Amino acid sequence: MTSLATILPAPFDLGAHRAGTPQRAGALTMVPVYGPVRPGVVPPRSGLKLHRVVGYGRVELHNGAREGVAIVPLHIGYIQDAAQNHALCASALMGAGQTRRFDDACCVQAAQGGYLEGRDQWFFVLPLELRAQALRLRGRHDHAKLWPDISELNRASGLPSRGHLEQILSRRRAVLTQFRSRLELMPGQVGALFFVGDRFAGLELAPDPAYFAEVWMALVCFAYGVAAWRAEPEPGAARPYDADSLAGLRAELARDRAARLAEVVSWLPAPAGDVRLVEEERYLDLRLSTLTGGGLAGQVVTEHGRTVYASVFAAE
């Protein structure tokens, strides 16, 4: 497996993380990432809950675990009944039992209406096309701040040009969730590299496999699935193998996998010298920092210099 040590600049340490065998579904390529586990972090679905929407652009999250810190996934959003849907502009660290209010959330539903039924409540991660702007808007208290970008994404997707993200997340959900069934979450997987076409789209790392499994659907279907859906290629004919024996077929498959991994590795962004790191907050020995520059953006959580969580994406 290939080391990820060159993707993020120092002091972020990815030397212990390795890339596995690439998987492809249409325009979306996912490379499983394996690496060290940091126990004691609360998974985002079973432990972290939307407590309430205080008002436009103001939401409260609750870490319901009796012990363990919660790392709020970057750009997490909630579809819920009886209140407008919101997404956060940044990640956060929350102690056990803590309820925290975020006053700089983005409302992703420009007007009342379009709510899902209560039984259909779920969380998502903002699509790649919106993430760089959302990160730039962190700290700005304006619930409508992402509506122009959502409207443009809808227009580019052949949908009415409105600030309603549910036009994609809800009405195209059946198409987007196909990526979850076409790409396999691997045992022990703590992260993934995502590519749309032959371009790097993002790196997602979690503290442990349980955390990553809970954020998997939100990432593969919505954070990166929207861009892949929009870039979906026309179906092509599969290349036949020439092997005339099982051993020959296995050898051809092994060569194909090696060639595919080498191709995908060539798509990784080159280390850039103009990447900027800004520490945002601390919890015990955990450090949450924002990364920008070099065509990348995102946030990273480290502990004693070792990367515990990362959500870093292409920003052009």
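The values are calculated or read from the model by the stated rules, or taken from the named source; none is laboratory data. All values reported here derive from a predicted model rather than from experimental measurement. Here Cβ is always computed from backbone atoms with ideal geometry, including for glycine, and neighbour counts include all displayed protein chains.
Filter the range 252-271 for residues that are hydrophobic (A, V, I, L, M, F, W, C), modelled with pLDDT of 70 or more and either assigned to a loop (DSSP other than H, G, I, E, B) or surrounded by 12 or more Cβ atoms within 10 Å (Cβ to Cβ) (or both) and give the result.
Listed by number, the residues that qualify are 261, 264, 265, 267, 268.
Residues that are within 19 Å of the chain's Cα centre (by Cα) and farther than 30 Å from residue 265 by Cβ: list the strands (runs of 3 or more DSSP E) wholly contained in the range 20-76 that include at least 3 such residues. Please lay out each step first, then the result.
Values: elements: 23-25, 28-34, 48-55, 58-63, 69-72.
Those strands (runs of 3 or more DSSP E) span 48-55.
Need the failing condition index for residue 274 against (1) of a type outside the set (Phe, Trp, Tyr); (2) more than 20 Å from residue 212 (Cα to Cα); (3) outside any loop (DSSP other than H, G, I, E, B), just the number.
(3)
In the range 296-316, is there at least one residue being among the charged types (D, E, K, R), within 21 Å of residue 201 (Cβ to Cβ), out of contact with any Phe, Trp or Tyr (no Cβ under 6 Å at 6 or more places or on another chain) and surrounded by fewer than 21 Cβ atoms within 10 Å (Cβ to Cβ)? Walk me through how you get there before you give the answer.
Filtering the range 296-316 down to residues among the charged types (D, E, K, R) leaves 303, 306, 316.
Narrowing further to those that are within 21 Å of residue 201 (Cβ to Cβ): 316.
Okay, now just the ones that are also out of contact with any Phe, Trp or Tyr (no Cβ under 6 Å at 6 or more places or on another chain), so 316.
Adding the requirement that they be surrounded by fewer than 21 Cβ atoms within 10 Å (Cβ to Cβ) leaves 316.
The answer is yes; a qualifying residue exists.
Picking from 50, 14, 74, 4, which residue would you name as being touching an Asp or Glu at 6+ places or on another chain (Cβ under 8 Å) and either at pLDDT 90 or above or closer than 25 Å to residue 135 by Cβ (or both)? Please lay out each step first, then the result.
On the way: 14 fails: touching an Asp or Glu at 6+ places or on another chain (Cβ under 8 Å); 74 fails: touching an Asp or Glu at 6+ places or on another chain (Cβ under 8 Å); 4 fails: touching an Asp or Glu at 6+ places or on another chain (Cβ under 8 Å).
Matching residue, one of 50, 14, 74, 4: 50.
Just the residues that are more than 14 Å from the chain's Cα centre (by Cα) and either over 25 Å from residue 296 (Cβ atoms) or crowded, with 23+ Cβ neighbours inside 10 Å (or both), please, taken from the range 187-200.
Step one: filter the range 187-200 for residues more than 14 Å from the chain's Cα centre (by Cα), giving 187-189, 197-199.
Within the range 187-200, 187, 188 meet the criteria.
In the range 77-87, which residue that is in contact (Cβ under 8 Å) with a residue 40 or more places away in the chain and either aromatic (Phe, Trp, Tyr) or not in a strand (DSSP E or B) (or both) is farthest from residue 145 (Cα to Cα)?
Step by step, filter the range 77-87, then rank; the result is 81.
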